[in-house]
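Working notes for the structure below.
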Amino acid sequence: MKFSTILGRGAVAVAAATLSVMATAATAKDWKGWNIHVVDYPVSHGMESFMAEVTEKTGVKGKIFHAGVLGSQPDAIEQLRLGIIDFGVFSLGPMGQSVPATNVVSLPFIFKGIPQMYELMDGEGGEAIGKALEEKGIVALGYYDAGARSFYNKIRPVNTPSDVEGMKIRVMNNDLFVGMVNSMGGNATPMAFAEVYQSIKTNVVDGAENNPPSYESTSHFEVAKYYSLTQHLIIPECLCMSKKTFDALTADQQAAVKAAGKASTDLQRELWQAREAASMKIVLDGGVTVNEVADKAPFQAAMKPVYDNYLAANPEMTDLVNLFRNAK
Ligand code: BDP
């Protein structure tokens, strides 16, 4: 037998083997889960419990890639829509660039508190946002708690909007947040979450804003020692699935996935409360100066242009904004 014939046969055998693996992979594809947070974080525990329940009930297996190893949030959202990523937990903050209706919950001070956020997101508000997400190829299975975001920086405590004047503040990737910081006289810099620590450390920015668990788990508190409880944003997070992946399931599997999503949401919300308290203790023990902001009214007043600009650019969102804004 000629060498080239042996080689030819070998190549055919390899190609056939590859094809059969691909066929198996296509029929029982393992899910890929995206997560920006470290393994020990309420979101991460919620996702792991979701995947475990899905596997138990449907036989579908999956792996969650924590700590943002699958890339930044804006890129991951696009990959989710394409079905390259099967599920993940996304802040509705950066979601606004792809799904404008989600911006309603990124409006500063739109919620009156966490209990109200739960009520609205588990009801009419969450339904409306879920519908908008679905139109863009994303299925919302539940809304996780991400507490309230507050400003932190390395220069001074923030007690009034004018304290932000002249400060370079990192924001999530969304024009709304640029407007929010700029309307207080600060300089907003949209930037990926993973770059914030180094950017504060090397004075590329003076600070950022986030909830206590993220401020703590990223070690941002080690480089930005003033944490001012402005609580200007309450942005829920979405346990979201690619519609492509969801639609490939049987009706029974879809029901099991929905139930698992609900159970993991309940678990995450419980874990969140405990972690917020633990994180506050860690940052205080770490020498952070925390200040309450007694009077939030000046901050709320400073946000008027943010609302005005958003509604002028998206008049079709007026009803949805009012649903949230006028809720008791
Ligand atoms: C955290 C959110 C995460 C965001 C991050 C950020 O949980 O989804 O990516 O803030 O500021 O609180 O980018």
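Key figures
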quantity	calculated
Radius 13 Å from Cβ of residue 231, net charge of other residues (Lys, Arg +1; Asp, Glu -1)	-1
Spin-label model distance (nm) - residue 328 vs residue 40, 7 Å beyond Cα toward Cβ	4.3
Contact order normalised by residue count of the chain, Cα under 8 Å, 6+ apart, percent	24
Ranked 271, 120, 233, 284, criterion: other C-beta atoms within 10 Å, fewest first	284, 271, 120, 233
Over 22 Å (Cα to Cα) - which of 112/136; 29/57; 29/243; 63/258; 281/304 fall in this group	112/136; 281/304
Residue-span extension gain [residue 198 to residue 249] - 0.36 nm each, minus C-alpha spacing	14.1 nm
Residue-wise HN-Hα coupling along region 232-237, computed from phi with Karplus coefficients 6.51, -1.76, 1.60 (Hz; x: Gly, Pro)	7, 10, 10, 10, x, 10
Projected label distance in nm at residue 273 and residue 165, using a 7 Å step from Cα toward the beta-carbon	4.1
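Rule-based calculations on the coordinates, nothing more; no lab input. Predicted model, so just to flag it, every value in this text is computed and none were measured. Note that each Cβ is placed from the backbone with ideal geometry, even for glycine, and that neighbours are counted across all protein chains shown.
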